[in-house]
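The values are calculated or read from the model by the stated rules, or taken from the named source; none is laboratory data. None of the values given here were measured: they were computed from a predicted structure. Using ideal geometry, Cβ is built from the backbone for each residue, glycine included, and neighbour counts are taken over all protein chains shown.
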Amino acid sequence: MTLFDTVYPFYPQQRKAFLFDVSTIIVIVVFLTFACSFLLIIPGIRGRVRLYWTLRVLLSLVVGVVIVAVQFTGDWETGWVKANTSYKSFSCALVKADIGLHVGLGGVNITLMGNPVSQINETIHYNEHFAWRFGADYDHSYSEGLKRGLPSPILYVAEKFTKQSPCGVHRQYRISSHYASGTLWVAFCTWLISNMLFSMPVLVYGGYMLLVTGAFMIFSLLSFSTVRNSPMCPIQFGIATLRTGYGGSFWLTLATGKDTTLGHTTLFLWVCKSPSDKAEEYQEMAEVYINPHFVNEGLSPSEPSKLNPNSI
């Protein structure tokens, strides 16, 4: 057998660390496609309505992509530690490594990266995923890791989340993640309904549905936060302790839900401040957005009789 680019044929290649989540990339590409498609039709929207539609659609797409993307991310709760630890079972060899724990709604990712990467004649660069989504068996994934002979630090951290672990955190994390994921899918449904309502002359009700969307995003965070109520077993590597805290996906969902809720609550209070005047003004805005010829002819929606029939 010959050597080709440092790879021997018919032998399994060395495992490489996971860099990007394919599901998240697909979600982002789909929403970017929608955004680019809308940008192509912007020149066909005339008058001051163009700015309104541009801001509304792009901001709405941002909310939608956040709701869907965080379902597949693995950094709702994260933690890192530098430690000197054993690398393999039944071996006295110690390695210097950065060990990371990343908890998502679908499972946990455990990262082991050597510092430096090449030690004891091996490349230490691992990222293993253990899933607990519906239809996935976490304990089976852990057993498969034992059979493959994963490094001891990865198996040690993964063992903390098994059903048989004395820590007893598997049930709490799994149920909290399922409730958070389900609540986010409800938020996605209300987001779709809000966009349908915004396409019709019922802008106020579209704002109400976006307010509900933000509320359900906040509820998902409350569901996931219940995992902090259960005591977490210490994860020790010698004198170093791996501690976790809320990650980027948690704070991104919080920021998006808060801005959506506060923004449309302000809109709701503004509309309700003077119901008689604001309702009439909102109705005029809706008619303008549905029929932009009023803007182009310089007429108000209450004067449609002055329009040239040929211009419609």
When you scan the range 129-213 for helices (runs of 4 or more DSSP H) that lie fully inside it, which ones turn up with 1 or more residues that are among the aliphatic types (A, V, I, L, M), in contact (Cβ under 8 Å) with a residue 24 or more places away in the chain and in contact with a helix residue (DSSP H, G or I) (Cβ under 6 Å, 6 or more places away or on another chain)?
152-159, 170-198
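Count, please, the residues in the range 250-271 that happen to be modelled with pLDDT under 85 and either under 24 Å from the mean Cα position of the chain (by Cα) or surrounded by 15 or more Cβ atoms within 10 Å (Cβ to Cβ) (or both).
Looking only at that region, the number is 9.
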ILE120: surrounded by fewer than 16 Cβ atoms within 10 Å (Cβ to Cβ) and among the β-branched types (Val, Ile, Thr), yes or no?
yes
Members of the range 236-246 found to be in contact with a Leu (Cβ under 7 Å, 6 or more places away or on another chain) and either more than 14 Å from PRO153 (Cα to Cα) or modelled with pLDDT under 85 (or both), listed by number:
THR244
Members of the range 63-86 that are crowded, with 18+ Cβ neighbours inside 10 Å, of a type in the set (D, E, K, R) and assigned to a strand (DSSP E or B)
GLU77
In the range 130-151, how many residues are surrounded by fewer than 18 Cβ atoms within 10 Å (Cβ to Cβ) and not hydrophobic (A, V, I, L, M, F, W, C)?
10
Provide a single number: the residues in the range 186-215 that are closer than 20 Å to GLY247 by Cα and surrounded by fewer than 17 Cβ atoms within 10 Å (Cβ to Cβ).
0
Looking only at residues that are surrounded by fewer than 18 Cβ atoms within 10 Å (Cβ to Cβ), under 18 Å from the mean Cα position of the chain (by Cα) and small (Gly, Ala, Ser) in the range 216-249, which one is nearest to GLY182 (Cα to Cα)?
SER225
Filter result for SER118 (farther than 18 Å from ILE235 by Cα, part of a strand (DSSP E or B) and in the same structural domain as ILE239 (by TED's automatic domain parsing)):
yes
